[in-house]
Amino acid sequence: MKPVSPGFDVESARRADRSAEPLYRFIKKHLKERILAGDYAADQQLPSENQLMKIFDVSRVTVRQALHQLQKEGLIVSRQGKGYFVARAKAVQDLARLQGLGEAIADSGFSAHSAVLELTETTADGRVAEALALEPGAPVVRLRRVRHINNQPVSYDVSYFPIDIGRQLKDFDLVQSDVFVLLEEKLGHMLGMADLKIEAAKADEALAELLATAVGTPVLRIERLTADEAGRPIDFEYLHGRGDAYQFRIRVPRW
């Protein structure tokens with residue numbers, strides 16, 4: 001029998017109290033906790049069915065029930081003849097709603113955070129000035145971040161804010177919080193709507209390094225301009241997301 005994959009706490013699994021719930025739910029819960037805690041990285045193989053049967057002292061049917069539940073939630077995938085692997089975290093966003101990354105994954109059990117690369121004052125180039133309804137060369141605040149879902153880099157974002165709003169963002173936690181949430185709950189700027197432009201692209205060397213992927217990997221390039229309820233443009237962004245980390249959904253009428 002193959003050894004249990006590194007990171008799996010066998011003794012903890014065996015000692016845990018499992019009398020209060022069906023065994024398959026207990027196994028699912030235990031595996032899910034390990035996945036969300038990062039003990040298993042994306043694409044890492046889970047212990048085999050035989051190993052899980054031995055670890056938890058249960059039948060194959062029970063193990064398969066637990067694995068099927070995890071698969072249904074999108075946490076693992078099955079690969080024919082190889083077993084089960086941790087799925088890459090994916091942000092499922094409804095294009096009919098204006099959401100930040102953290103809001104989009106709130107119900108998935110995954111967590112989001114940012115690596116802040118830059119928060120600085122600069123001048124608006126022509127495109128940024130046009131989007132924010134400013135004069136070219138006007139002062140703005142630029143925020144550069146790599147966004148992560150469960151410690152996996154999923155997007156590189158460059159955001160521009162009018163100087164009065166951007167300066168206030170410096171006082172808040174930009175690592176754990178969505179900017180949209182900060183704008184509304186901390187700064188009092190209720191968001192109204194956003195215009196998006198989405199196109200396919202390929203990761204160049206710099207972007208590939210930031211997103212921990214290969215040069216030429218498909219990415220989504222999103223241009224998003226967000227306005228407040230009064231119609232003032234307050235957040236202009238270039239978002240570069242891994243193609244395997246995003247899924248967009250929208251319902252459209254026939255006419």
(request) Given the options Pro162, Pro136, Pro233, state which has the largest fluctuation in a GNM of the chain using a 10 Å cut-off (strictly under) for Cα springs. (result) Pro136
(request) Could you list Arg224, Arg145 in order of exposure, starting from the residue whose Cβ has the fewest other Cβ atoms within 10 Å? (result) Arg224, Arg145
(request) Any lysines with Cα under 19 Å of the Lys72 Cα? List them, leaving off those in the same chain fewer than 8 positions away. (result) Lys28, Lys29, Lys32, Lys82, Lys90
(request) Determine the shape class of the stretch 143-255: with a ≥ b ≥ c the square roots of the Cα gyration tensor eigenvalues, call it rounded for a/c under 1.5, and otherwise prolate if a/b is greater than b/c, oblate otherwise. (result) oblate
(message) Just want the ordering: Asp43, Asp157, from fewest to most Cβ atoms lying within 10 Å of their own Cβ.
(response) Asp43, Asp157
(message) Only four residue types carry charge here, +1 at the Cβ of Lys and Arg and -1 at the Cβ of Asp and Glu. Report the dipole size of the stretch 91-249 about the Cα centre in Debye, rounded to the nearest 20.
(response) 260
(message) Below 21 Å, Cα to Cα, which lysines can Lys186 reach? Residues fewer than 8 away in the same chain don't count.
(response) Lys170
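Give me Thr123, Thr213 sorted ascending by neighbouring Cβ count inside 10 Å, so fewest comes first.
Exposure proxy ranking, most exposed first: Thr123, Thr213.
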(message) Nearest 500 deg cm²/dmol is fine: what mean residue ellipticity at 222 nm does the chain get from its DSSP H runs of n ≥ 4 alone, each adding -39,500 (n - 2.57), divided by its residue count?
(response) -6500 deg cm²/dmol
(message) Please state the shape class of the stretch 54-196: rounded when a/c is under 1.5, otherwise prolate if a/b exceeds b/c and oblate if not, all from the C-alpha gyration tensor.
(response) prolate
(request) Calculate, in nm to one decimal, what Asn50 and Glu118 gain on full extension: separation in residues at 0.36 nm each, minus their alpha carbon distance. (result) 19.7 nm
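Quick note: the coordinates plus some simple rules give every number you see, no bench work behind them. In this text the structure is predicted, and so the values were computed from the model without any measurement. Every residue, glycine among them, receives a Cβ derived from its backbone with ideal geometry; neighbour counts consider all protein chains shown.
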